[in-house]
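K.L.:
Okay, handing you the structure first.
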Amino acid sequence: AQSVAQPEDQVNVAEGNPLTVKCTYSVSGNPYLFWYVQYPNRGLQFLLKYITGDNLVKGSYGFEAEFNKSQTSFHLKKPSALVSDSALYFCAVRDFLTGGGNKLTFGTGTQLKVEL
Amino acid sequence: DVKVTQSSRYLVKRTGEKVFLECVQDMDHENMFWYRQDPGLGLRLIYFSYDVKMKEKGDIPEGYSVSREKKERFSLILESASTNQTSMYLCASRPEDYGYTFGSGTRLTVV
């Protein structure tokens, strides 16, 4: 099965500083990777995805992610953090279902806290 | 914008009750999913459906069933609710380009 790991439960960063939320993956074949964000008591919102092409993927709200095949990583980044970026972030990978079709398998999430 | 609507934001049910969680999407997507979200465990797939009346088990289907009588509606059923089913339940739909759209979630408490 495909999987992703988010090694940090929480990341703290000062407003205006760059932020990185880490994700590593384990797949057979080519990975399809995603980042989602969840604000309190809300569903998940799509940020960006990597399927093929440039290793640097740009997404919503000024976020970007860098695909690194040699390190099997797909870290989420933003050059200058905002307090409003504080939320729960999930990395996900396309996975396959035994009965056919596919699904997303999610990491355990990283809580980002941006402080003034 | 695609909308996925979950009928209840918060539910409190008693142990042993039959519970229905409803999800409706407005973009004619074939694929719909039910996940549950628990702290430290991320999201885990319960069931999914790729067409009307079609359903497939996900990773944790035990204690749940689903119904998809119309393309836009995908219901999750807890046949006999138990306290270990207290969780946040998230519905999602998807076209064929792998990007999910999620509903706002239903926080279910079983007492």
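The values are calculated or read from the model by the stated rules, or taken from the named source; none is laboratory data. Since the structure is predicted, the reported quantities are computational estimates derived from the model, not experimental observations. Counting neighbours? That spans all protein chains shown, and the Cβs are built from the backbone with ideal geometry, glycine included.
To keep it simple, each residue is scored yes or no on (1) within 14 Å of chain B (Cβ to nearest Cβ); (2) modelled with pLDDT under 90; (3) more than 15 Å from the chain's Cα centre (by Cα).
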| site | (1), (2), (3) |
| --- | --- |
| A:40 | yes, yes, yes |
| A:49 | yes, no, no |
| A:52 | yes, yes, yes |
| A:67 | no, no, no |
| A:88 | yes, no, no |
| A:96 | yes, yes, yes |
| A:99 | yes, yes, yes |
| A:110 | yes, no, no |
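K.L.:
Counting residues that are in contact with a strand residue (DSSP E or B) (Cβ under 8 Å, 6 or more places away or on another chain) and either over 17 Å from residue A:64 (Cα atoms) or among the small types (Gly, Ala, Ser) (or both), which strands (runs of 3 or more DSSP E) fully inside the stretch A:1-50 reach at least 3?
P.N.:
In the stretch A:1-50, A:3-5, A:10-14 are the strands (runs of 3 or more DSSP E) which contain 3 or more residues that are in contact with a strand residue (DSSP E or B) (Cβ under 8 Å, 6 or more places away or on another chain) and either over 17 Å from residue A:64 (Cα atoms) or among the small types (Gly, Ala, Ser) (or both).
K.L.:
So residue A:81 fits all but one of (1) in a strand (DSSP E or B); (2) buried (at least 20 other Cβ atoms within 10 Å of the Cβ); (3) of a type outside the set (Phe, Trp, Tyr); (4) in contact (Cβ under 8 Å) with a residue 60 or more places away in the chain; what number is the exception?
P.N.:
Status for residue A:81: all satisfied but (1).
K.L.:
Sticking with this one: For the stretch B:19-73, which strands (runs of 3 or more DSSP E) that fit wholly inside it have 1 or more residues that are over 25 Å from residue A:108 (Cβ atoms) and out of contact with any Lys or Arg (no Cβ under 6 Å at 6 or more places or on another chain)?
P.N.:
By residue number, B:19-21, B:23-25, B:42-51, B:54-57, B:64-70.
K.L.:
Is it the case that some residue within the stretch A:70-86 is on the phi > 0 side of the Ramachandran plot and more than 10 Å from every other protein chain (Cβ to nearest Cβ)?
P.N.:
Restricting attention to the stretch A:70-86, the residues satisfying the condition of being on the phi > 0 side of the Ramachandran plot are A:72.
Next, from what is left, pick out any that are more than 10 Å from every other protein chain (Cβ to nearest Cβ): A:72.
Yes, there is a match, as at least one residue in the stretch A:70-86 is on the phi > 0 side of the Ramachandran plot and more than 10 Å from every other protein chain (Cβ to nearest Cβ).
K.L.:
Still on this model: For the stretch B:69-111, how many residues are of a type in the set (D, E, K, R), within 14 Å of chain A (Cβ to nearest Cβ) and within 17 Å of residue B:31 (Cα to Cα)?
P.N.:
Residues that pass the stated criteria total 3.
K.L.:
I want to confirm something. Restricting to the stretch B:6-64 and keeping residues that are away from chain A (no Cβ under 13 Å) and acidic (Asp, Glu), which single residue is surrounded by the most Cβ atoms within 10 Å (Cβ to Cβ)?
P.N.:
Ranking the candidates gives B:22 first.
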